[in-house]
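Chemist: Structure provided below as structure tokens; questions to follow.
The values are calculated or read from the model by the stated rules, or taken from the named source; none is laboratory data. Being a predicted model, the structure only gives us computed values, none of them experimental. Positions of Cβ are backbone-derived with ideal geometry, glycine not excepted, and every protein chain shown enters the neighbour counts.
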Amino acid sequence: MPTSNKIVRQLRGGQITIPIELRRELGIEPDTLLQVSVEDGSLRITPIRIGSGSTDSRWIKELYDYFAPVREEIAAAGYSEDEVNADIDAAIRAVRAERD
């Protein structure tokens, strides 16, 4: 059962703003990475803790930071995240098909 509950409206492109009260409750800072998943028909957003002794999330932040210029270039070119993800998925399928 959720401890906090807010209703928000999505913006263009499906963007949402996480209310400040919820960000504070979860300790979400401006540089916090968020894992977004669907579980049992609900959207789940989980902050990824960097530097809390876990080496699992450190490489995610490094990878995310490494590709920041690429994300900016893609956004400036007018491509949506869904279009980029579809192209990546198609490339992965093509490579796998070549190997089979």
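Chemist: Can you name every residue in segment 44-100 that is aliphatic (A, V, I, L, M), under 29 Å from residue 5 (Cα atoms) and either part of a strand (DSSP E or B) or modelled with pLDDT of 85 or more (or both)? Break it down stepwise before answering.
Modeler: Filtering segment 44-100 for residues aliphatic (A, V, I, L, M) gives 45, 48, 50, 60, 63, 68, 70, 74-77, 84, 86, 88, 90-92, 94-95, 97.
Still in the running and under 29 Å from residue 5 (Cα atoms): 45, 48, 50, 60.
Listed by number, the residues that qualify are 45, 48.
Chemist: Name every residue in segment 1-43 that is among the hydrophobic types (A, V, I, L, M, F, W, C), within 13 Å of the chain's Cα centre (by Cα) and either more than 22 Å from residue 62 (Cα to Cα) or part of a helix (DSSP H, G or I) (or both), in order of residue number. Explain how you work it out, then say what you get.
Modeler: If we filter segment 1-43 for residues that are among the hydrophobic types (A, V, I, L, M, F, W, C), which is where we start, we get 1, 7-8, 11, 16, 18, 20, 22, 26, 28, 33-34, 36, 38, 43.
Restricting the remaining residues to those that are within 13 Å of the chain's Cα centre (by Cα) gives 16, 33-34, 36, 38, 43.
16, 38, 43 - these are the residues of segment 1-43 that are among the hydrophobic types (A, V, I, L, M, F, W, C), within 13 Å of the chain's Cα centre (by Cα) and either more than 22 Å from residue 62 (Cα to Cα) or part of a helix (DSSP H, G or I) (or both).
Chemist: State all residues of segment 67-92 that are surrounded by 10 or more Cβ atoms within 10 Å (Cβ to Cβ) and not hydrophobic (A, V, I, L, M, F, W, C); if no residue qualifies, say none.
Modeler: 71, 72, 73, 79, 80, 81, 82, 83, 85, 87, 89
Chemist: Here is a check on your reading of the model: is residue 35 out of contact with any helix residue (DSSP H, G or I) (no Cβ under 6 Å at 6 or more places or on another chain), exposed (fewer than 10 other Cβ atoms within 10 Å of the Cβ) and closer than 23 Å to residue 75 by Cβ? Give the derivation first.
Modeler: Details: out of contact with any helix residue (DSSP H, G or I) (no Cβ under 6 Å at 6 or more places or on another chain): yes; exposed (fewer than 10 other Cβ atoms within 10 Å of the Cβ): no; closer than 23 Å to residue 75 by Cβ: yes.
Against the criterion (out of contact with any helix residue (DSSP H, G or I) (no Cβ under 6 Å at 6 or more places or on another chain), exposed (fewer than 10 other Cβ atoms within 10 Å of the Cβ) and closer than 23 Å to residue 75 by Cβ), residue 35 does not qualify.
Chemist: Within the set of pairs 6+ apart or on separate chains, which have a first residue in segment 81-96 that is free of Cβ contacts under 8 Å to residues at least 24 places away in the same chain, a second that is assigned to a helix (DSSP H, G or I), and C-beta atoms under 7 Å apart?
Modeler: Qualifying pairs under 7 Å: 84/74.
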